[in-house]
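Written below as structure tokens is the structure these notes are about.
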Amino acid sequence: MSSLYARYAQWLHTGWPAGTVEKLPDCDEHGRTAIPGVRIVGDLTGIPLLKFSSDSGARAVREIAAEKSEAGSRKSEVLDLAIVGAGVAGVSAAIEARRAGLHFAIYEAGEVFSTVVNFPKGKPIYTYPTEMKLEGGLQFTADVKEALVAEMEAQRKAAGVEVTAARIERLESAGGELVLHHADQTKTRARHVIVAIGRSGNFRKLGAPGEDLDKVYNRLHDPKEFAGKKVLVVGGGDSAIETAIALGACGAHVTLSYRKKEFTRPKPENIEKLHALAANADHPVEIVHPSSERVNTVVTHAMQQATPTGSVKLLLGSEILGITPDAVTLRDAAGAELGLPNDVVFTMLGREAPLDFFRRSGLAIRGEWTTKTWTSLLLFAAFCIFLYHWKGGGGHSVYEAFKAHHWFPFNVPDGLAALSAAASDPRTMLGTLKDAAGAPSFYFSVVYSALIVIFGVKRIVRRKTPYITAQTVTLMAVQLVPLFLLPYLLLPWMGANGWFDAGFGRSFADQFFPVEYGARAYWRSFGFILAWPLFIWNVFTDHPTTGWLVLGFVQTFVIIPLIVWRWGKGAYCGWICSCGALAETLGDTHRHKMPHGPRANRWNMTGQIILWIAMGLLGLRILGWIAAAVPALGFLGFANVIYYGLLGGFAQSGPLSWFSYRYLVDLWLAGVVGVAAYFWFSGRVWCRFACPLAALMHIYARFSRFRIFPEKKKCISCNVCTSVCHQGIDVMSFANKGQPMEDPQCVRCSACVQQCPTGVLAFGRLGEEGVPILDRLAASPVRMREGK
Ligand SMILES: Cc1cc2nc3c(=O)[nH]c(=O)nc-3n(C[C@H](O)[C@H](O)[C@H](O)COP(=O)(O)OP(=O)(O)OC[C@H]3O[C@@H](n4cnc5c(N)ncnc54)[C@H](O)[C@@H]3O)c2cc1C
Ligand code: SF4
Ligand code: SF4
Ligand code: SF4
């Protein structure tokens with residue numbers, strides 16, 4: 001049974017790549033942080049490339065210069081701008097600050113351009129994206145490291161930028177100014193600070209004894225230096241594999257140790273080269289375009305031929321126990337201890353951004369939790385619980401209390417009636433509004449719709465692609481018309497004016513909003529948009545109508561499967577559903593908060609469990625209907641007992657009432673967790689983990705033609721696409737391997753396509769014989785510029 005579940009989970013969710021996202025300091029798209037006046041630029045904003053670093057530095061200064069001229073002149077003993085770090089982004093900012101005439105200083109803890117100066121000798125330079133033209137700041141034409149350093153130095157000097165040698169320990173905001181605390185205890189005051197300290201900070205540690213020995217490196221500059229040496233390389237990413245290949249090809253005797261039993265993240269061609277070299281040490285290999293950040297292992301055939309034959313041995317599933325000056329000790333996959341003679345160790349485990357600087361400065365790190373974070377989450381969750389019970393309708397304690405005391409909004413209809421006589425006539429629009437305005441759910445919908453419209457407009461302005469515009473306008477229209485105006489104003493007004501009193505109108509209304517408790521249940525019209533099992537109440541009722549049963553069946557089991565097959569699950573979740581509408585608008589700037597990785601992917605199965613419970617409830621519900629309709633089958637009435645218990649709770653109150661679909665799914669998962677999580681885990685928590693309709697669509701999506709197609713050669717493995725995916729998809733692992741993205745979680749939000757700096761990704765579908773057919777609606781600004 002458990003292996004069946006594991007296979008099902010693997011087929012649906014856990015089999016997809018599940019790379020995690022590097023921790024970075026929290027800032028908005030302009031690099032602005034929570035401390036007013038402090039901006040982050042360069043590698044720390046997420047894209048580790050020269051051009052982006054230079055551009056972000058120069059752009060930040062232009063924005064600061066614009067703010068300064070608006071504010072007018074101020075005290076001159078305080079710097080207009082202090083720049084921390086004289087790397088690519090910092091010097092680019094300084095050049096722009098000189099041009100803008102700002103009173104500024106730039107501080108460097110090590111060497112000017114230290115990251116680039118430390119590139120290996122003769123390293124080729126790739127200036128992606130090739131079509132990107134830089135406005136101001138540093139410009140790049142060089143194609144090798146030495147020429148790059150020379151041209152950047154020449155530009156710095158030509159601009160008259162002098163760098164002050166100083167390590168800045170932390171920042172502080174005091175008295176409306178910013179204070180820079182230097183390592184030598186001195187202080188500098190400034191109105192604006194640009195932090196450009198790069199990512200070279202802390203290399204990840206192995207945590208084994210002997211790691212601090214001189215023979216342990218975390219960057220390879222020249223593989224030829226290690227010819228004939230016994231080398232241990234530790235790690236399982238592209239940098240570790242490329243290091244092992246480079247060393248092995250240049251004559252070293254390499255053992256590669258990786259804690260997992262197989263490689264999952266590296267590029268397939270790297271894995272292929274590694275295995276080829278392990279099988280035959282003379283196999284010709286090259287690394288022409290090294291990977292992303294640790295691109296320091298360029299190897300050519302000429303280098304390989306110029307050194308004696310080396311060797312490569314793989315120790316997968318192994319663990320390093322200790323390092324001594326002439327040996328290493330490991331535990332192999334079988335648990336046995338191994339001692340290997342050793343001259344040098346490369347720990348290629350990746351590195352963390354220099355986050356301590358930000359922690360010391362009181363700046364938040366994405367994904368890190370403090371007491372304040374927990375407190376604000378709990379307070380907001382408490383507010384959501386209150387809101388749920390306030391808007392929940394009859395039977396909910398808060399609702400009843402507000403009603404009994406005639407508190408807001410139960411006092412609003414009287415106020416409106418006093419304002420105008422027309423409000424007392426339900427046939428007028430004001431009269432209809434007066435009746436609607438007495439229900440808390442009306443205000444909930446007003447606020448919900450307003451948030452979608454306000455943040456939707458912001459999204460359109462911020463993202464600027466035809467795809468985002470069309471998608472957001474559609475989401476706003478669906479929310480405003482069928483999900484707000486129709487149930488709250490149009491249908492009640494039509495009803496009051498006799499539209500549903502006779503003929504077709506009456507038959508239609510009896511099917512879709514029958515009279516319940518003395519009034520037509522217009523709220524049931526939510527079901528025109530929200531399908532079962534997301535909106536369950538048109539099906540889970542004692543008196544089902546044929547209209548809803550037929551429409552519900554066609555929606556859930558005919559229309560939705562067809563659109564998912566053609567356009568993917570996102571056609572519904574990203575273009576129609578109101579929950580998706582709020583997530584894409586209010587949640588637009590919170591998308592990077594979604595947890596990534598294998599553990600989070602396992603939680604994707606929660607929705608399947610809820611789906612199967614909903615299916616079970618449906619079965620019981622049908623038995624209950626049969627029992628009521630066919631007296632001979634009245635014994636099936638037992639199903640009602642279980643159905644009502646599971647749906648509403650086996651007791652009215654107390655712990656037993658908590659274990660019900662209404663309490664756990666409707667209140668906690670949809671009402672509280674889904675909404676309360678917005679500002680802490682992104683707007684798609686409910687959608688990704690729990691929504692039963694999405695769970696059903698995940699199954700449909702496994703048969704869909706929809707894909708996100710990558711242009712592999714343009715992918716620079718920057719991980720931006722993965723980090724902005726609020727469905728937790730590891731988009732980069734598809735893109736850098738050239739595989740079309742087919743994870744069923746995709747909601748077609750287009751964030752990955754829109755934010756990819758090199759325009760790698762495009763929406764489309766598999767045509768006949770698997771030929772990609774790309775969408776015509778443009779979603780990538782880079783591809784638009786390239787005329788694609
Ligand atoms: C080996 C390698 C190869 C690369 N190859 C390419 C390539 O071919 N093409 C490409 O486009 N990109 C490449 N990159 C990426 C490129 O180098 C970076 O995008 C760029 O250097 C980032 O610039 P930055 O200013 O953000 O950070 P950095 O260049 O890292 O500069 C940060 C500076 O801040 C200083 N600093 C740190 N902390 C403090 C402090 N507390 N106080 C004062 N100063 C501080 C550091 O000493 C450093 O000089 C490569 C990167 C590496 C590591
Ligand atoms: S996952 Fe569910 S709630 Fe979210 S957008 Fe899709 S159908 Fe709507
Ligand atoms: S596809 Fe992803 S990893 Fe590749 S360049 Fe684009 S954003 Fe970066
Ligand atoms: S479009 Fe991209 S970012 Fe959005 S859900 Fe799909 S894979 Fe994730």
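The values are calculated or read from the model by the stated rules, or taken from the named source; none is laboratory data. Note that the structure is a prediction, hence the values are computed from the model and not measured. FYI the Cβ positions are ideal-geometry reconstructions off the backbone, even for glycines, and counts take in every protein chain you see. Just so you know, the surface numbers come from the protein's heavy atoms only, side chains and all, with ligands and any DNA or RNA stripped out. Shrake-Rupley method; radii C 1.70, N 1.55, O 1.52, S 1.80 Å.
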Open item on the list: Calculate the FRET efficiency for D28 and E67 from the Cβ-Cβ distance with a Förster distance of 22 Å, rounded to the nearest 0.05.
Closed with: 0.90
Open item on the list: Could you check the spin-label model distance between E151 and W374? Points 7 Å from the Cα along Cα→Cβ, value in nm.
Closed with: 5.2
Task: Förster radius 45 Å - calculated FRET efficiency between L316 and D542, Cβ distance, rounded to 0.05 - done: 0.15
Open item on the list: Please report, ordered by residue number, every helix of the chain (full DSSP H runs) that is 27 Å or longer along its axis going by C-alpha atoms and whose mean Kyte-Doolittle hydropathy reaches -0.5.
Closed with: 50-71, 371-391, 440-463, 606-629
Open item on the list: With a 1.4 Å probe and all protein chains left in place, how much of the accessible area of segment 424-487 comes from carbon and sulfur atoms, in whole percent?
Closed with: 78
Task: Stokes-Einstein diffusion coefficient of the chain, Kirkwood radius over Cα pairs, 4 °C, 1.567 mPa s, in µm²/s - done: 43
Task: Other-chain or far-sequence residues with amide H under 5 Å of F346's (modelled H) - done: Y217, L232, V233, V234
TODO: Work out from phi, with θ = phi - 60° and the Karplus expression 6.51 cos²θ - 1.76 cosθ + 1.60, the ³J(HN,Hα) of each residue of segment 104-113, listed in order in whole Hz, and give x for Gly and Pro.
DONE: 9, 9, 10, 10, 10, 7, x, 10, 4, 6
TODO: Divide by every residue of the chain the summed helix terms, -39500 (n - 2.57) for each DSSP H run of at least 4, and state the resulting mean residue ellipticity at 222 nm, rounded to the nearest 500 deg cm²/dmol.
DONE: -11000 deg cm²/dmol
- [ ] Using the charge dipole of segment 670-788 (Lys, Arg: +1 at Cβ; Asp, Glu: -1 at Cβ; taken about the Cα centre), state which of F689, Q727, Q755 has its Cα farthest towards the positive end.
- [x] Q755
TODO: Calculate, in nm to one decimal, what T130 and K224 gain on full extension: separation in residues at 0.36 nm each, minus their alpha carbon distance.
DONE: 30.7 nm
Open item on the list: I'd like to compare 127-133, 489-495: which one has the highest average count of other Cβ atoms within 10 Å, and what's the full order after that?
Closed with: 489-495, 127-133
Task: Count, lysine Cα pairs under 23 Å in segment 145-226, 8 or more residues apart or across chains - done: 4
TODO: First check a/c for segment 675-729, with a ≥ b ≥ c the square roots of the eigenvalues of its C-alpha gyration tensor; if it is under 1.5, answer rounded, and if not, answer prolate when a/b is larger than b/c or oblate otherwise.
DONE: oblate
- [ ] Using per-residue counts of other Cβ atoms within 10 Å, averaged over each peptide, order 103-111, 724-732 from highest down.
- [x] 724-732, 103-111
Open item on the list: Per 0.36 nm of contour for each residue apart, how much would the distance between T300 and A477 grow if the chain were fully extended, relative to their Cα-Cα spacing?
Closed with: 57.9 nm
Open item on the list: Counting heavy atoms of the protein chains only and a 1.4 Å probe, report the per residue accessible area for the chain as a whole number of Å².
Closed with: 45
Open item on the list: Quick one: 3J(HN,Hα) in Hz for segment 727-739, Karplus 6.51/-1.76/1.60 with θ = phi - 60°, rounded, Gly and Pro as x.
Closed with: 10, x, 7, 8, 4, 4, 5, 7, 5, 6, 9, x, 9
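Rounded, prolate or oblate, given the Cα gyration tensor of segment 310-440, with a/c below 1.5 counting as rounded? Don't jump to the answer; show the numbers that get you there.
Values: a/c = 4.69, a/b = 4.01, b/c = 1.17.
Since a/c reaches 1.5 and a/b is larger than b/c, the shape of segment 310-440 is classed as prolate.
Take the cross-link list K434/K593; K51/K261; K51/K737 and give me the ones stretching past 31 Å between alpha-carbons.
Violating the 31 Å Cα-Cα cut-off are K434/K593; K51/K261.
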TODO: Among the trypsin sites (Lys or Arg not before Pro) in segment 189-255, which ones are in a DSSP loop with at most 14 other Cβ atoms within 10 Å of the Cβ? Mind listing them?
DONE: R204, K205
Task: For G438, distant residues with modelled amide H under 5 Å away - done: none
Open item on the list: Is the C-alpha gyration tensor of segment 126-223 telling us rounded, prolate or oblate? Criteria: a/c under 1.5 is rounded; beyond that, a/b larger than b/c is prolate, otherwise oblate.
Closed with: oblate
TODO: Measure off 7 Å from each Cα along the Cα-to-Cβ vector at R705 and F444, then give the distance between these two points in nanometres to one decimal.
DONE: 4.0
Open item on the list: Apply the Karplus curve 6.51 cos²θ - 1.76 cosθ + 1.60, θ = phi - 60°, to the phi angles in segment 210-225 and return the couplings in whole Hz, x for Gly and Pro.
Closed with: x, 5, 8, 4, 4, 7, 9, 10, 10, 8, 9, 9, 9, x, 4, 4
- [ ] Along Cα→Cβ, 7 Å out, is where each label goes; now give me the distance between the ones at F635 and A404 in nm to one decimal.
- [x] 4.6
Task: FRET efficiency, I773 to R7 (Cβ-Cβ, R0 35 Å, nearest 0.05) - done: 0.65
